[in-house]
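The structure appears below as structure tokens.
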Amino acid sequence: MQPQNLRAMTRASLLPVVAITLAAGIFVADTIADLEIAVPAFYTVVVLLAVRFCKKRGVILVGIGCCALTLLSDLLTAASGSTGIGFINTTISLLAIATTTYLAVKIESEKAAAYEARSQLAHVGRVTTLGELTASIAHEVNQPLAAAVINGNACMRWLAAEPPNLDEARQAAVRLVKDANRASEIIAQVRALTKSSPPKKDWLQINDIILATVTLIESEILQNQVSLRTELADDVPPVQGDRVQLQQVILNLILNALEAMHRTSAGPRELIISSAKNDAKGVRIAVQDSGIGLAPDNLDRLFSAFYTTKPDGMGMGLAISRSIVEAHGGRIWATPNAPRGAVFQFILPMGMEP
Amino acid sequence: MSENKPVVFVIDDSPSVRDALDSLIRSVHLNVQAFGSIEEFLQFKRPDAPGCIVLDVRLPGLSGLDFQREMAKSNIDLPIIFITGHGDVPMSVRAIKAGAIEFLTKPFRDQDLLDAIYLGIERDRSRRQASAVVAVLRGHFASLTARERQVMLQVASGRPNKQIAAELKLSEVTVKVHRRHVMRKMKAKSLADLVRMADKLSDSPETA
């Protein structure tokens with residue numbers, strides 16, 4: 001595979017450089033300019049930039065640093081200009097920087113709280129609805145099945161009686177058939193429920209889907225201090241499938257990777273998402289992490305429903321992912337990553353017609 | 001002692017399970033009364049016969065487990081066999097601790113249910129017999145005079161006639177006469193028999 005389109009996540013690493021350059025520029029301008037000119041007010045821009053890449057404490061430090069720079073350049077330029085106006089200007093600038101820092105930190109922490117609440121809500125919602133749904137379906141199906149078993153037993157007992165009570169046995173058998181049909185009806189209803197939106201068959205560029213998915217959880221990736229690399233090959237053929245479903249698979253693999261890396265403190269956290277042409281027949285997508293990795297004896301059970309290694313997992317994510325990939329005519333598997341972590345890959349065949 | 005045929009009360013909100021249980025239990029020659037809810041069961045006038053309840057845990061309104069707790073208040077003393085579609089361990093532990101005969105998860109083996117039903121009926125039968133004996137004793141005890149009752153309690157607690165006479169300020173001869181009457185009225189064959197009767201009377205509270 002030749003990664004022709006190497007996209008590094010540059011935005012996060014570029015911002016501090018921009019901020020430092022700007023601060024240096026303001027400092028130079030402030031030192032050169034007269035005291036009457038309120039150049040230090042522009043430090044507020046540096047503070048606002050810092051919010052994008054720093055945590056709360058970092059933003060406060062940047063604010064203090066800007067104030068210090070302001071005072072330093074005042075000392076250096078004390079020779080020229082009116083000191084009275086200069087003093088007022090400096091005070092205004094310092095107040096502006098302090099206020100901006102305070103507001104930025106406050107807004108940022110409110111935003112973080114809101115984000116936290118939202119993601120918790122989403123998780124809880126997902127788990128409870130799925131849990132309640134399965135419990136309710138299990139109960140609905142179990143009820144007629146239990147009745148069928150009891151009726152079958154009753155039927156046998158009526159037949160075994162001396163003399164056999166054929167009428168009672170027949171009635172029990174009739175009820176048994178009714179119960180079994182009822183169970184099968186419920187299953188048909190559940191299937192109809194899940195099939196209400198049949199998978200679409202659109203022509204899709206898998207790279208677009210990967211990038212869109214990455215955008216969705218970019219903030220979560222940054223928050224987990226994970227460095228993300230996407231290695232998307234330019235020559236991947238389009239595939240036919242359901243965009244939302246495939247996005248769900250990729251999202252699920254990325255979330256698993258983030259969680260696997262969250263659960264270990266060993267080494268740098270690296271997430272690599274790659275796409276490649278697979279033997280001229282389709283596309284291969286891989287999500288590679290440096291997390292806790294996979295126990296070798298669990299590899300075959302990973303994709304089974306209700307199997308989970310997470311303390312509060314449902315064991316549905318990979319099972320659903322597999323059913324989606326297989327519905328697209330593809331295959332999904334996992335292998336250990338060297339030196340740490342896991343690689344989850346799936347292949348999608350090219351569409352029937354070009 | 002003649003006794004009515006045992007009755008199994010089935011309480012399950014699912015008509016299909018109810019009908020199936022009705023048929024299964026009848027197939028082993030037991031009487032069945034099936035109900036869709038606890039309210040229906042409570043409105044039913046129960047026959048004077050030993051029995052037990054086959055109770056679904058998940059019921060509309062009062063749940064099976066709640067009902068188990070409420071039963072003592074309603075003066076119902078029938079053994080319970082729980083059946084449930086989704087049994088969890090804490091739930092079954094709770095039910096068994098509160099005196100349930102068995103906790104079966106649907107679908108269960110028919111023999112397991114029938115064994116539990118037989119055990120429940122047996123337990124109810126001996127409970128009923130024991131309380132019938134107590135009722136007879138209570139009748140006998142009621143026929144005693146106040147003085148005779150005093151003497152009986154003193155005798156049952158192992159005191160000699162002389163001491164009883166001193167305690168009740170009677171002559172020893174009078175105590176002996178009272179004692180003979182007590183033995184006759186209570187239909188006690190021996191002193192040990194009388195002590196057992198006194199125990200039974202003091203064990204069962206005056207509710208029935």
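A few comments on the model shown:
- The one condition in (1) surrounded by fewer than 16 Cβ atoms within 10 Å (Cβ to Cβ); (2) within 14 Å of chain A (Cβ to nearest Cβ); (3) among the small types (G, A, S) that B:S14 fails to fulfil: (1)
- Residue check for B:I25: in a strand (DSSP E or B), over 20 Å from the mean Cα position of the chain (by Cα) and of a type outside the set (K, R): no
- The residues on offer are A:L211, A:L222, A:L228, and the sole one that is in the same structural domain as A:F344 (by TED's automatic domain parsing), part of a strand (DSSP E or B) and within 13 Å of the chain's Cα centre (by Cα) is A:L228.
- All positions within the stretch B:1-20 that are free of Cβ contacts under 8 Å to residues at least 60 places away in the same chain and either within 25 Å of the chain's Cα centre (by Cα) or within 11 Å of A:A147 (Cα to Cα) (or both): B:S2, B:N4, B:K5, B:V7, B:V10, B:I11, B:S14, B:P15, B:S16, B:R18, B:D19, B:A20
- Some residue of the stretch A:232-254 being more than 14 Å from the chain's Cα centre (by Cα), closer than 21 Å to A:E270 by Cβ and surrounded by fewer than 18 Cβ atoms within 10 Å (Cβ to Cβ): no
- Of the residues making up the stretch A:139-150, those that are more than 7 Å from every other protein chain (Cβ to nearest Cβ) and either within 18 Å of A:R191 (Cα to Cα) or not hydrophobic (A, V, I, L, M, F, W, C) (or both) are A:E140, A:V141.
- Applying a threshold of 6 Å to beta carbon distances and a minimum spacing of six or more residues, or different chains, the list of pairs starting in the stretch A:289-301 at a residue that is over 22 Å from A:Q225 (Cα atoms) and ending at one that is in a loop (DSSP other than H, G, I, E, B) and aromatic (F, W, Y) reads A:R301/A:Y307.
- When B:F141 is tested against (1) in a helix (DSSP H, G or I); (2) in contact with a strand residue (DSSP E or B) (Cβ under 9 Å, 6 or more places away or on another chain), only condition (2) is not met.
- Members of the stretch A:231-247 found to be assigned to a loop (DSSP other than H, G, I, E, B) and charged (D, E, K, R), listed by number: A:D234, A:D235, A:D242
- Hey, B:I117 within 24 Å of B:N4 (Cα to Cα), among the aliphatic types (A, V, I, L, M) and at pLDDT 85 or above or not: yes
- Options B:A132, B:A165; residue that is among the small types (G, A, S) and under 18 Å from B:K200 (Cα atoms): B:A132
- When the stretch A:151-188 is filtered for residues that are over 47 Å from the mean Cα position of the chain (by Cα), within 11 Å of another protein chain (Cβ to nearest Cβ) and among the aliphatic types (A, V, I, L, M), the ones remaining, listed by number, are A:A154, A:M156, A:L159, A:A160, A:A161, A:A169, A:A172, A:A173, A:V174, A:L176.
- Members of the stretch B:144-160 that are farther than 18 Å from B:D193 by Cβ and in a helix (DSSP H, G or I): B:A146, B:R147, B:Q150
- Residue-level check: of (1) crowded, with 16+ Cβ neighbours inside 10 Å; (2) out of contact with any helix residue (DSSP H, G or I) (no Cβ under 9 Å at 6 or more places or on another chain); (3) without any contact (Cβ under 8 Å) to a residue 60 or more places away in the chain, A:A257 misses just (3).
- The set of residues in the stretch B:157-190 being surrounded by 11 or more Cβ atoms within 10 Å (Cβ to Cβ) and under 27 Å from the mean Cα position of the chain (by Cα) consists of B:K185, B:M186, B:K187, B:A188.
The values are calculated or read from the model by the stated rules, or taken from the named source; none is laboratory data. Since we're looking at a predicted model, the values are computed, not measured. Reconstructed Cβ throughout: ideal geometry from the backbone, glycine too, with neighbour counts over all protein chains shown.
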